[in-house]
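Participant: Below you will find the structure I want to go over with you.
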Amino acid sequence: MKFCGALSGMMGLEFLPPVRALAGPAASLRPAELVAEALASKPLLPIIWLHLQGCGGCTEALSRSKSPGLADLVLDKIALNYHETLMAAAGSRAAEAMRAVMENEKGKYVLIVEGSPSSGAGGAFCAIGGRSGADILREAASGAAAIIAAGSCAAFGGLPKADPNPTAALGVGGILLDGPVVNISGCPAIPEVTAGTIVHYLVTGELPKTDGLKRPLAFYGHAVHDHCPRRPFYDAGKFAMAFDDAGARAGHCLYKLGCKGPTTYNACSLVKWGEGLSSPVQSGHPCLGCSEPGFWDWEGFYRCQSAPLEGPAAAVSGGAPGAGFVPEAGPASEFLGGRG
Ligand code: SF4
Ligand code: F3S
């Protein structure tokens, strides 16, 4: 109920027609109850979870999510028919499980992709069962009702795509040029955002509205900076200049230590991590920009952006991704506002 309440607040689920349709007999329900009611009325959602080039961190993060816990989602709301990391079956038994979903649930299942496909060496990289990850992705996507690229590797190529990109890695959108793809960027993806996107599809039968990088607006509509607990110090011009100086100990803004929060769009400052306990910036580390395309190849995690400091709110708040970020000369500029 707590999760449904949070989703109602962030995604406005209770206002969407499929959920409102329940409002007849359930008109007296509160928004969270309405969403929970809609969720309870849906059949199990079949899911194929492909794991391509990535570290497994997005699965790790989701399996530690408590709201709802992955176990709750798997047991109650989704049928995780194929997930290479979590399933007990291996080899041909696992391949059969995936084929069974593709044949029996054609047009109904959701494909979640973790990790990036490779377009290099004729499919030799990331080959599974003798087939390239890109081929498997194309085939699995052809019968999917919706496709969720979970994490920055799947969304934009992530670490495998970082220079010199030896496997010619791409984001899912680089292989599937059309199709119902939504990107849940982040390294890893915030588990509540992945789970929230699945729940949105479950109760409405549609993917949520997205920004220009195909990320759900409900979660990626604001910069990390917009709701950062250190924001009052940014506005007051108070910055930590070293990780152990008096400013850092007083909670001052980490902008001059390389924080990319002003140009990074994700819900870290609102949803947070560890059941809402904290976020990278809150716990004392600059935002690395992990939810934006090409962040591994920016000019340095601890190098200050060159956006002008005067009028900070005007420079960044509510702007499009990339607004307010004035890149210094160098290769990082090619990633700004673009797709990795
Ligand atoms: Fe927070 Fe970083 Fe913005 Fe400073 S620059 S207010 S630490 S997000
Ligand atoms: Fe990533 Fe920055 Fe959030 S590094 S986890 S987008 S605070």
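Participant: For segment 103-129, name all the residues that are buried (at least 16 other Cβ atoms within 10 Å of the Cβ) and of a type in the set (Gly, Ala, Ser).
Facilitator: Once the filter is applied, which keeps residues that are buried (at least 16 other Cβ atoms within 10 Å of the Cβ) and of a type in the set (Gly, Ala, Ser), segment 103-129 yields 115, 116, 118, 119, 120, 123, 127.
Participant: Filter segment 242-266 down to the residues that are assigned to a helix (DSSP H, G or I) and of a type in the set (A, V, I, L, M, F, W, C), then identify the one that is farthest from ligand 1 (Cβ to nearest atom).
Facilitator: Of everything passing the filter in segment 242-266, 246 is farthest from ligand 1 (Cβ to nearest atom).
Participant: Please enumerate the residues belonging to segment 130-173 that are buried (at least 24 other Cβ atoms within 10 Å of the Cβ) and among the basic types (Lys, Arg).
Facilitator: Passing the criteria: only 161.
Participant: Given (1) without any contact (Cβ under 8 Å) to a residue 40 or more places away in the chain; (2) in contact with a His (Cβ under 6 Å, 6 or more places away or on another chain); (3) within 19 Å of residue 193 (Cα to Cα), identify the lone condition not met by residue 238.
Facilitator: Condition not satisfied by residue 238: (3).
Participant: Next question. Filter segment 220-238 for residues that are part of a loop (DSSP other than H, G, I, E, B) and within 9 Å of ligand 1 (Cβ to nearest atom) and give the result.
Facilitator: 228, 229, 230
Participant: Working carefully through the options 176, 207, 213, 254, find the one that is assigned by TED's automatic domain parsing to the domain that holds residue 282 and either in contact (Cβ under 8 Å) with a residue 24 or more places away in the chain or surrounded by 23 or more Cβ atoms within 10 Å (Cβ to Cβ) (or both).
Facilitator: On inspection, the qualifying residue turns out to be 254.
Participant: Can you find a residue that is more than 16 Å from ligand 1 (Cβ to nearest atom), polar (S, T, N, Q), surrounded by fewer than 23 Cβ atoms within 10 Å (Cβ to Cβ) and not in a loop (DSSP other than H, G, I, E, B) anywhere in segment 183-198?
Facilitator: no
Participant: Please verify whether residue 305 is at pLDDT below 95, near ligand 1 (Cβ under 9 Å from one of its atoms) and part of a loop (DSSP other than H, G, I, E, B), treating the condition exactly as stated.
Facilitator: yes
One line per residue, one yes/no per condition, for (1) near ligand 1 (Cβ under 9 Å from one of its atoms); (2) over 23 Å from residue 188 (Cβ atoms); (3) modelled with pLDDT of 95 or more:
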| residue | (1), (2), (3) |
| --- | --- |
| 240 | yes, yes, yes |
| 276 | no, no, no |
| 282 | yes, no, yes |
| 297 | no, no, no |
| 315 | no, yes, no |
| 326 | no, yes, no |
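Participant: For segment 22-60, enumerate the residues that are modelled with pLDDT of 70 or more, assigned to a helix (DSSP H, G or I) and over 20 Å from residue 78 (Cα atoms).
Facilitator: Selection gives 31, 57.
Participant: Count, please, the residues in segment 193-234 that happen to be among the hydrophobic types (A, V, I, L, M, F, W, C) and within 14 Å of ligand 2 (Cβ to nearest atom).
Facilitator: 6
Participant: Where in segment 62-172 are there helices (runs of 4 or more DSSP H), lying wholly inside it, with at least 2 residues that are among the aliphatic types (A, V, I, L, M), more than 26 Å from residue 38 (Cα to Cα) and at pLDDT 85 or above?
Facilitator: In segment 62-172, 91-104, 133-142, 152-156 are the helices (runs of 4 or more DSSP H) which contain 2 or more residues that are among the aliphatic types (A, V, I, L, M), more than 26 Å from residue 38 (Cα to Cα) and at pLDDT 85 or above.
The values are calculated or read from the model by the stated rules, or taken from the named source; none is laboratory data. No experiment lies behind these values; they were computed from the predicted model shown. With ideal geometry, Cβ positions are generated from the backbone for all residues, glycine too; neighbour counts draw on all protein chains shown.
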